[in-house]
2 protein chains.
Amino acid sequence: MTDINQYSITEAVKKSFHAEDNERFTFLLEKMLDHLHDFTRETNLTHDEWMGVLNFLYDCGKISTPERHEFILLSDVLGLSALVDMINTKGGSTEGSNLGPFYLDDAPVKELGQDLGEEREGPRVLCTGIVRDTLGHPLPGAIVDTWQADSSGTYPIQEEGQDKYDLRGKFTCDDRGRYYYTTVLPKPYTVPYDGPVGNLLRAGKRHAWRAAHLHYIIRADRMRSITTELFFENTDYLDNDAVFGVRNSLITKVDRVRPEDSFDFELERRPDARLTYDFVLAPGE
Amino acid sequence: MTDINQYSITEAVKKSFHAEDNERFTFLLEKMLDHLHDFTRETNLTHDEWMGVLNFLYDCGKISTPERHEFILLSDVLGLSALVDMINTKGGSTEGSNLGPFYLDDAPVKELGQDLGEEREGPRVLCTGIVRDTLGHPLPGAIVDTWQADSSGTYPIQEEGQDKYDLRGKFTCDDRGRYYYTTVLPKPYTVPYDGPVGNLLRAGKRHAWRAAHLHYIIRADRMRSITTELFFENTDYLDNDAVFGVRNSLITKVDRVRPEDSFDFELERRPDARLTYDFVLAPGE
């Protein structure tokens, strides 16, 4: 290993690892080394650039807290999170999209038909649809776990004095696989841009806005869970969402509810608009 | 951008950046995106693996302090630092090697012939040679900036109660380009392995030892500075240095000094051994 040069060093580093009993770890490590070293050779990376990258990662670490994971944000704005979602979407199921930083796994259980908006003013939208398997069969008892920003683009968890469990809920689908609830429509918001990732966006002359969306995790027995988002036709940033979360198949149409419209389920509040979306789950492993 | 898939997303992310006025930034960014996304596609990275990598980076950030840069250490053990040194070594000049974490730019100025060992017991080695340009001409007035571990493998800066400027010095070469001083021989030591990078080494069944070495930065007017290390023949870890710092051209022979040997320069202490190494600098940019 003393006669290594800029071409042979990659194999030398691979050979320094001895995790043959862990094939997947070794595979990932060697692929990572190939790409990391190839990048460095192809760009003739200078010492200053190398140190700039390491200091950028250092700064991402310094601003991170349990509530703010700057490396996830970095992954988001580089399209890496979206790519991992795409790779892991099973054929026939609803496309995955960003989990984002605001998920709480202990969101309150809600009854079908409840309103998530609480005392908030403003128009209500009915969110409804059926959770199905890839053959089209409804999945009664499927769990629809949703969370969202409010009509000013803020998550209650971000605001001092608000209840962090607000605008969240876990619904259990009825015996026809249906979910239905009302809520306020969320507004677009920016990802945090006061840290190193924000500096990267500025250096690249990019904005930090996300298209307005509702978050969902859909689960059902013996099915593969999906984490996704729903967007709304003709709203801002669909074409340049800061984290590349939008897919055509996830854009919904919000229709006005007319006075004569009726529903075959009970709702806590009469909605002003409605969107319908059926989620599709693939079989579990 | 709403009809992106796992293949087209890479171009979509590139197009979201608009730093055309900074060609090098754009070049580095696009190469990085190619490699990052290719790695992800080639490995079919799972959500758990993706989150594992991001949490590893998060943990590297958490353990880092101004005195401990875990991302530099990561770069070191992945051979990235060595690769950057190799790429940036100019033809004909001494090969570069790791800067390491213990450099202080305000090390004390020392006189040629001084002993760096201070009150330490143990055999002295004379370090001497000539600083030259790539045509072989000596470079009078060149600065030899050196720092090292002691004979138990510890840098004074690491130890409570020791003077952090100990075992360091900046020498100015004489009118023949010569440097000469005596010191104690350093011992091998381990890189810090109590953090995430240590966990990576353990997962890969790798040790954390560095071959014993002396650190140098060599500077001269109008020449390109070099940062490098000198190693010693027949010592441990030359073939499996944890940070891939060893090069054949940087391994020196330490010869015993016999009673009848004399020197044509003044030394503060009579050495027990000597090593000779000429540093070569390429012209500056």
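Some values worked out for this structure:
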{"read-out": "All positions within region A:204-213 that are among the charged types (D, E, K, R) and buried (at least 20 other Cβ atoms within 10 Å of the Cβ)", "value": "A:Arg210"}
{"read-out": "Which numbered condition A:Ile87 misses (of (1) in the same structural domain as A:Leu214 (by TED's automatic domain parsing); (2) surrounded by fewer than 21 Cβ atoms within 10 Å (Cβ to Cβ))", "value": "(1)"}
{"read-out": "A:Ala242 touching a residue at least 12 places away in the same chain (Cβ under 8 Å), small (Gly, Ala, Ser), under 18 Å from A:Thr146 (Cβ atoms) and part of a loop (DSSP other than H, G, I, E, B)", "value": "no"}
{"read-out": "Residue check, B:Thr89 within 11 Å of chain A (Cβ to nearest Cβ), hydroxyl-bearing (Ser, Thr, Tyr) and more than 30 Å from A:Gly100 (Cα to Cα)", "value": "yes"}
{"read-out": "Residues located in region A:220-231, provided they are out of contact with any Asp or Glu (no Cβ under 7 Å at 6 or more places or on another chain) and either assigned to a strand (DSSP E or B) or surrounded by 18 or more Cβ atoms within 10 Å (Cβ to Cβ) (or both)", "value": "A:Ala220, A:Ile226, A:Thr227, A:Glu229, A:Leu230, A:Phe231"}
{"read-out": "Residues of region B:203-223 satisfying the condition of being within 11 Å of another protein chain (Cβ to nearest Cβ), touching a Leu at 6+ places or on another chain (Cβ under 9 Å) and not aliphatic (A, V, I, L, M)", "value": "B:Gly204, B:Arg206, B:His207"}
{"read-out": "Residue count, region B:188-203 (criterion: within 25 Å of B:Tyr277 (Cα to Cα) and either more than 16 Å from the chain's Cα centre (by Cα) or crowded, with 18+ Cβ neighbours inside 10 Å (or both))", "value": "1"}
{"read-out": "Any chance B:Arg206 is part of a helix (DSSP H, G or I) and either in the same structural domain as B:Val131 (by TED's automatic domain parsing) or more than 16 Å from the chain's Cα centre (by Cα) (or both)", "value": "no"}
{"read-out": "Of residues in region B:239-259 being under 23 Å from B:Gly122 (Cβ atoms) and out of contact with any strand residue (DSSP E or B) (no Cβ under 6 Å at 6 or more places or on another chain), the one surrounded by the most Cβ atoms within 10 Å (Cβ to Cβ)", "value": "B:Lys253"}
{"read-out": "Of all residues making up region A:50-66, the number that are free of Cβ contacts under 8 Å to residues at least 24 places away in the same chain, more than 7 Å from chain B (Cβ to nearest Cβ) and not hydrophobic (A, V, I, L, M, F, W, C)", "value": "4"}
{"read-out": "Condition met for B:Gly61 (under 28 Å from B:Arg219 (Cβ atoms) and among the small types (Gly, Ala, Ser))", "value": "no"}
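The values are calculated or read from the model by the stated rules, or taken from the named source; none is laboratory data. Please read all numbers here as calculations on a predicted model, not as lab measurements. Using ideal geometry, Cβ is built from the backbone for each residue, glycine included, and neighbour counts are taken over all protein chains shown.
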